[in-house]
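Please read the structure below before turning to the comments.
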């Protein structure tokens, strides 16, 4: 969900397969100025945050598992304590979407602030073109495939005209709010719709608000997100989770992390890996101990809807600490390579699961797991190499800040 930008390399020479999902290196001169998002343009020294690619891979895998695995653990032959862990961990996998939202905001905010510092203004038209070239080709391909295949594999959940219109106009997340169900092959795109709405508005926000005013705007978004969720608990749980405004604090926290890293660049400490691990483990722990649930999984109470901020804050902690890493397990080339293809992995996995469930027994998930995982990986890698890459090369023509992974 971008589900989509990974980390950023700034170079004086272009990279062949760059993506916008790379975040610029913090500038010591900006930090010395004491201002958020202001100061002189950052240097062109090479800087890459590979750990953020790995975070995207982790986020996708947790979402994949949350869709594949049963949540009640009744049929799982494990001890009681392990079932308690299972019941907490599987639903918590859906917070991979929350991590995607925070990560996207952090990366896009960093990139746009660098552009603003270098050129004095954010070229909103170029930003929109870059987003269209990155998101739309695969999005509409999945939408078309889902519309064609879903009647064959999930006939009980038809793709109605209302649902199709919602997704074509990037308001698919509001289909559930309106009570219209969508098959998983298409419904998985709801989070992409939320991010597209964020991309539509965010460059204007960064243009209008500068320095401490930007911090105040982010804090207001956090409060508004919690208030909206609280007010929406009178409606259905899907209304709470699907609405765009209920995720405002995710995007606000990602932006605040970007502003903080930009103002106070730091190096990783011995505690950094532990903080990342604690942040990731904190998601299922909060599910189990605090009895929080992602809005939409059941009838949401006002407390649970408001406390969703806890999950967003844990994701922000993970993104902040991972942005400091320059080596280690999270910077492994295999994991970062997987992370660069996460958009395809996310978009394809709902379609692949629906096909696997049609031909295999959905309730015996282990036989489904291997073909579903293999099919998703294969389609995502082929799509990235032969379908998405030409659009990524074209997108480079509209880049204002050079970016690209190793």
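The values are calculated or read from the model by the stated rules, or taken from the named source; none is laboratory data. Note that the coordinates shown come from a computational prediction; the quantities given were computed from them, not determined experimentally. FYI the Cβ positions are ideal-geometry reconstructions off the backbone, even for glycines, and counts take in every protein chain you see.
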Return a yes/no flag: does region 195-218 have any residue that is over 21 Å from residue 254 (Cβ atoms) and part of a helix (DSSP H, G or I). no
Answer with yes or no whether residue 338 is in contact with a helix residue (DSSP H, G or I) (Cβ under 7 Å, 6 or more places away or on another chain) and more than 22 Å from residue 146 (Cα to Cα). yes
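Conditions tested, residue by residue: (1) modelled with pLDDT of 90 or more; (2) surrounded by 20 or more Cβ atoms within 10 Å (Cβ to Cβ).
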position: 214; (1), (2): yes, yes
position: 226; (1), (2): no, no
position: 231; (1), (2): no, no
position: 240; (1), (2): no, yes
position: 264; (1), (2): no, no
position: 278; (1), (2): yes, no
position: 294; (1), (2): no, yes
Within region 341-367, which residues are in contact with a helix residue (DSSP H, G or I) (Cβ under 6 Å, 6 or more places away or on another chain), farther than 19 Å from residue 52 by Cα and assigned to a loop (DSSP other than H, G, I, E, B)? 360
Does residue 159 meet the test of being modelled with pLDDT of 95 or more and crowded, with 18+ Cβ neighbours inside 10 Å? no
Out of 310, 352, 318, I need the residue that is modelled with pLDDT under 95 and on the phi < 0 side of the Ramachandran plot. Which one? 310
Kindly check whether there is at least one residue in region 129-147 that is part of a loop (DSSP other than H, G, I, E, B) and either surrounded by 18 or more Cβ atoms within 10 Å (Cβ to Cβ) or at pLDDT below 95 (or both). no
All conditions in (1) crowded, with 24+ Cβ neighbours inside 10 Å; (2) touching a helix residue (DSSP H, G or I) at 6+ places or on another chain (Cβ under 7 Å); (3) modelled with pLDDT of 50 or more are true of residue 49 except (2)
Filter region 185-197 down to the residues that are surrounded by 19 or more Cβ atoms within 10 Å (Cβ to Cβ) and more than 12 Å from the chain's Cα centre (by Cα), then identify the one that is farthest from residue 155 (Cα to Cα). 188
Can you tell which of 305, 323 is closer than 16 Å to residue 49 by Cα and either within 20 Å of the chain's Cα centre (by Cα) or modelled with pLDDT of 95 or more (or both)? 323
Would it be correct to say that residue 126 is in a helix (DSSP H, G or I) and either in contact with a strand residue (DSSP E or B) (Cβ under 6 Å, 6 or more places away or on another chain) or within 26 Å of residue 321 (Cα to Cα) (or both)? no
Only one of (1) modelled with pLDDT of 95 or more; (2) within 16 Å of the chain's Cα centre (by Cα) does not apply to residue 340, and that is (1)
